[in-house]
Every structure is written in C-alpha cells, then in structure tokens.
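The values are calculated or read from the model by the stated rules, or taken from the named source; none is laboratory data. Source: prediction; values computed, not measured. Ideal geometry is used to build each Cβ from the backbone, glycine not excepted, and the neighbour counts take in all protein chains shown.
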Amino acid sequence: MLLRHTPSEVSARSALTVNPAKTCQPIGAMYAALGLHGCLPHSHGSQGCCSYHRSTLTRHYKEPIMATTSSFTEGSSVFGGQANLLEALTNIFHLYDPTVVAVHTTCLSETIGDDIPQIIQKAKDEGKIPEGKYVIHVNTPSYEGSHVTGFAGMTRAMVDYFASKPSFEGEEAWKARRVNVIPGWLEPADYREVKRLCAALGLQTVVFPDTSDVVDAPKTGSFEMYPKGGTPLSDLIESGACRATVALGPTASKPAATQLETKFQVPAEVLELPIGIRATDRFIEALRKLGGTVPDWLTAERGRTVDLLSDVQQYFYGKRVALWGDPDQLVSLSEFLVDMGMRPVYVVTGSPGKRFEKRMAAVLGERVPEAKIRQGATADMFLMHQWIKNQKVDLLIGNTYGKYIARDEDIPFLRHGFPILDRQGHAQFPTVGYVGAMRLIERILGLLLDRKDRDAAEPAFELTL
Ligand code: SF4
C-alpha cells in the first residue's frame with residue numbers, strides 16, 4: 001500500500017501538483033527529432049536534463065537513445081550558454097557527423113534567456129556548421145507545456161526550417177499524388193501502420209516525424225549512430241509542395257500543419273488519432289477524398305474488427321474505466337471505449353492545450369454523463385486516485401505510473417501511452433488502425449476475463465467464457 005496516505009476526501013488545490021500526468025517538454029522535442037533521418041537531438045542545458053530525457057526514452061523504447069548536451073556548469077548558468085553551444089556544435093559535427101542537429105532548450109537556458117537563433121547564426125558565420133549540414137531549434141522551457149507540446153514544437157520547427165515549395169517538371173501530376181501526413185506522437189509500430197494504410201490507398205506521402213526503424217531498429221550486430229529510419233530530409237523539404245496535409249492529433253500535429261498552410265497554402269485537415277474503428281474510418285475517408293482507393297482487403301480488415309467487437313462486447317458493457325495521459329490519445333481512446341460499451345468515467349491529462357474538454361465532450365456526447373474530465377496542473381494522478389477511492393473503476397488505462405494505484409486498489413491495468421518503463425513489446429505492436437483496434441480489444445478483454453477467473457468461486461469457474 002505505497003499510496004495508503006492518499007485521502008479519499010478531495011480538497012480544492014490551486015498551486016500543488018502531486019504525481020503529474022505529464023512529463024517535461026524537452027523529452028518530446030528529443031523524441032520528435034529522432035524521427036528525422038540523420039538527426040541528432042541536442043539538449044541546451046545541464047547534463048542532468050539530458051540524462052533524464054535520454055534515460056526515459058531509453059527505458060521506454062529499450063534502445064540506446066543518442067543525444068548531446070551543452071553541459072552547462074556554474075559559469076554558463078551565470079554568463080549564458082552561447083560558448084557551450086558553439087563548442088558543442090564544433091564537436092558534434094566533428095565527432096558524430098549528423099545531417100541535422102536539433103537543439104531544444106531546457107528550464108535553465110530559458111531562464112537565462114539564451115537566444116538560440118542568434119547563436120545558430122553566429123555558428124554559421126564562424127563556419128562551425130559544415131556545408132550541407134543544418135541546425136534547427138525549438139524553445140522548450142519545462143515550466144510550461146508538457147512532453148506533447150515539446151513534440152509539437154519540434155515537429156513545427158521541422159516545417160519552419162526545412163519546408164519549401166520547390167517546382168518540379170510536371171508539377172501538377174506530382175502534386176496530385178503527394179500528401180503530407182503528420183501522425184503525432186505514436187509508437188514506431190504505429191508509424192509503420194499509418195504508412196501501411198496510406199500505401200494501401202495508393203497515396204504517396206511525406207510522413208513526419210517517423211521514428212520507425214530508429215527506436216525499434218533491427219539487431220544487426222553492428223552499431224549504427226543513425227539507423228535507416230526517420231523521415232528523409234529531401235521529403236521534408238518538398239512538404240510545402242504537397243497537395244494537402246492530414247494531421248493526426250490536434251495537440252501534437254496541428255501547429256506543424258497550420259504552419260504548412262500559412263506558409264505554402266497546403267490545405268490541412270486535422271483529425272483525432274486513428275485509435276478505434278470510427279477514428280480509423282475518418283482517417284481512411286480523409287485519404288480517400290485525397291485520391292486514394294480503399295482496397296477490398298482493408299474493408300475486410302475493418303469487417304473482422306467489427307466482428308471481433310460484436311463477439312465480445314458483452315464483457316465490456318458498462319465497465320467503468322479511468323484513463324490518464326496525453327490529450328490526443330485520451331480523446332480517441334475514450335471514443336473507442338464508449339463504442340465498446342464501456343464508460344470512461346475519470347480522464348486526466350497534465351498536458352495543456354486548447355479544447356481538450358470540448359473534444360472529450362464531443363466523443364462522450366450524452367453517453368457518459370457521470371464522466372469527470374480534468375486538464376492542467378491539478379489534473380494529476382493524486383486526484384485520479386482520490387476519485388477512484390470514492391467510486392471504484394473496473395479498469396485503468398495509462399502509463400507506468402498507474403501501477404501504484406492498480407496495486408493498492410486491486411484494479412486491472414492496461415499500460416498505454418508514455419512512458420512505459422516496466423514492460424516491453426509495447427513499441428512493436430500498433431494500437432492505431434483496424435489492427436490496432438483488434439489488439440486493444442484483445443488486451444482489454446484478456447485483463448477483464450483474467451480478473452473474472454481470478455475472482456470466480458469454484459462452482460462458477462468456467463472453462464469457456
Ligand atoms: S523540468 Fe526542466 S530542469 Fe527538470 S529535467 Fe526538465 S528541462 Fe531539465
């Protein structure tokens with residue numbers, strides 16, 4: 001009972017977060033940067049920040065995450081980090097030879113007020129950035145935002161620094177085929193699934209960022225600093241000439257899509273993440289409207305998902321669920337849970353962002369009037385636990401940090417989201433698309449029926465459920 005001191009009485013708080021349902025901005029910026037081929041994330045701050053961010057990503061993906069740091073000491077904390085970043089860039093290009101260095105700031109460098117664009121310009125002027133190499137940046141102070149906004153910021157920085165509108169011979173035919181897809185913060189298997197669906201409809205796409213084959217690269221016996229995955233820089237450069245953008249997850253992907261629209265008049269459609277049948281249908285429909293053709297086998301895949309759900313929905317009906325994590329994940333997951341007959345009654349996210357509560361209301365509709373939805377600094381795991389103490393739920397869905405509540409309250413727990421530090425395999429199987437929906441159904445069903453078996457009295461312990 002590690003959380004035995006959590007009281008069931010909920011009192012008003014305005015300035016205290018206990019066990020936040022988010023983590024810090026630079027982690028997201030670092031993860032997004034890994035989704036660009038040949039890119040090395042760089043943390044402009046002290047070594048501790050970079051170690052924490054790298055180790056969290058390493059523990060989640062079970063892969064060594066490469067990133068460099070400006071290694072602030074007392075001197076840089078007082079006089080600023082310009083000298084450190086200039087020296088770092090010289091060393092990085094000399095030692096590690098990336099195509100792109102993606103700089104993100106930290107609390108310390110933001111508090112000092114380092115002007116990163118000015119430092120990058122100085123590095124250029126002094127010849128510290130070799131020909132054909134690039135340095136990009138995003139500001140990620142962690143006293144605001146969350147890992148998701150850090151991810152969104154770095155994705156937008158990719159557009160700011162690289163997107164252009166080159167003209168091609170036969171441009172119209174080229175444009176008619178290509179579509180930007182900004183998939184948001186997903187697991188590498190999810191990126192693969194998004195690309196599989198786009199290819200299934202016959203569309204040529206520019207997908208960014210894309211960490212497949214970077215944080216889940218195959219074991220070959222030799223170390224590769226820059227694995228073969230990640231969005232090719234040449235694709236990103238052409239993103240301003242695409243016919244349209246489909247952005248998945250408004251919190252993580254809308255800023256980049258809006259930037260493409262503003263700078264290059266590439267029309268953007270912003271959808272919720274394709275988690276669940278209906279959200280996947282909307283994604284497929286958006287691709288179809290852009291010229292894709294839905295193959296029969298994909299229709300059959302959808303049909304199998306619907307069949308599975310209709311076979312097992314009696315086990316889900318009326319089950320109360322508590323969820324925490326990232327806004328984009330929570331909205332789509334909640335919609336899918338409601339479609340499965342379940343009741344997402346408690347939902348918290350520490351990530352700020354506009355319209356979360358409205359988006360949740362849209363997917364829950366009138367169907368779960370008792371739902372408590374919270375966002376912000378006091379929407380934390382402590383509050384979630386208090387709610388659960390007052391009225392129990394049948395299932396928890398969220399990142400690893402929920403394991404304490406799951407154990408103390410004896411509730412089945414589905415690990416989903418970021419970070420997952422105590423299990424493996426989550427990065428290898430998609431939860432988006434129809435196959436992702438089938439996997440979610442199978443995993444949730446397994447948890448609920450395992451609990452039913454465990455609690456069954458001997459006369460009611462059935463071989464067939
Ligand atoms: S919260 Fe700030 S100081 Fe702490 S690890 Fe994150 S960036 Fe570094």
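Before moving on, here are some points about what is shown:
- Yes/no for Gly45 being away from the ligand (no atom under 16 Å from the Cβ), buried (at least 20 other Cβ atoms within 10 Å of the Cβ), under 29 Å from the mean Cα position of the chain (by Cα) and at pLDDT 95 or above: no
- When segment 341-373 is filtered for residues that are more than 17 Å from Leu273 (Cβ to Cβ), of a type in the set (Lys, Arg) and buried (at least 20 other Cβ atoms within 10 Å of the Cβ), only Arg343 remains.
- Residue match in segment 200-207 (condition: in contact with a Gly (Cβ under 6 Å, 6 or more places away or on another chain) and within 16 Å of the ligand (Cβ to nearest atom)): no
- Only one of Arg282, Arg288 that is basic (Lys, Arg) and in contact (Cβ under 8 Å) with a residue 24 or more places away in the chain: Arg288
So that you can scan it fast, the table gives a plain yes or no per residue for (1) under 18 Å from Met66 (Cβ atoms); (2) within 11 Å of the ligand (Cβ to nearest atom); (3) at pLDDT 95 or above:
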| site | (1), (2), (3) |
| --- | --- |
| Arg4 | no, no, no |
| Gln25 | no, yes, yes |
| Ala33 | yes, no, yes |
| Cys49 | yes, yes, yes |
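- Among residues that are assigned to a helix (DSSP H, G or I) and within 25 Å of Ile373 (Cα to Cα), Arg302 is not included.
Table: residues versus (1) closer than 30 Å to Gly229 by Cβ; (2) at pLDDT 95 or above; (3) within 15 Å of the ligand (Cβ to nearest atom); (4) among the aromatic types (Phe, Trp, Tyr).
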site	(1), (2), (3), (4)
Ala12	no, no, no, no
Leu36	yes, yes, no, no
Pro41	yes, yes, yes, no
Ser55	yes, yes, yes, no
Gly75	no, no, no, no
Val78	no, no, no, no
Tyr96	yes, yes, no, yes
Thr99	yes, yes, no, no
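- Filtered residues of segment 101-125 (kept if within 25 Å of Tyr143 (Cα to Cα) and away from the ligand (no atom under 16 Å from the Cβ)): Val101, Asp115, Pro117, Gln118, Ile119, Ile120
Rundown of residues vs (1) at pLDDT below 95; (2) closer than 15 Å to Val435 by Cα; (3) assigned by TED's automatic domain parsing to the domain that holds Ser253, yes/no style:
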site: Glu285; (1), (2), (3): no, no, yes
site: Arg288; (1), (2), (3): no, no, yes
site: Gly291; (1), (2), (3): yes, no, yes
site: Val306; (1), (2), (3): no, yes, no
site: Phe316; (1), (2), (3): no, no, no
site: Trp324; (1), (2), (3): no, no, no
site: Leu337; (1), (2), (3): no, no, no
site: Gly341; (1), (2), (3): no, no, no
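- So Arg423, is it in a loop (DSSP other than H, G, I, E, B) and over 15 Å from Asp326 (Cβ atoms): yes
- Test result for Lys128, buried (at least 19 other Cβ atoms within 10 Å of the Cβ), more than 21 Å from Gly229 (Cα to Cα) and of a type in the set (Lys, Arg): yes
- The single residue among Val393, Val368 that is assigned by TED's automatic domain parsing to the domain that holds Val345, touching a residue at least 40 places away in the same chain (Cβ under 8 Å) and part of a loop (DSSP other than H, G, I, E, B) turns out to be Val393.
- Cβ-Cβ distances below 6 Å connect the following pairs, each with a first residue in segment 410-435 that is free of Cβ contacts under 8 Å to residues at least 40 places away in the same chain, a second residue that is assigned to a loop (DSSP other than H, G, I, E, B), and a separation of six or more residues or different chains: Arg415/Arg423.
- Residue within segment 262-273 that is part of a helix (DSSP H, G or I), among the charged types (D, E, K, R) and at pLDDT 95 or above present: yes
- Those strands (runs of 3 or more DSSP E) of segment 32-144 that lie entirely within it include none in which at least 1 residues are of a type in the set (Asp, Glu).
- Here segment 138-162 is the region considered, the condition is being within 16 Å of the ligand (Cβ to nearest atom) and without any contact (Cβ under 8 Å) to a residue 60 or more places away in the chain, and the residue that is farthest from Glu87 (Cα to Cα) is Tyr143.
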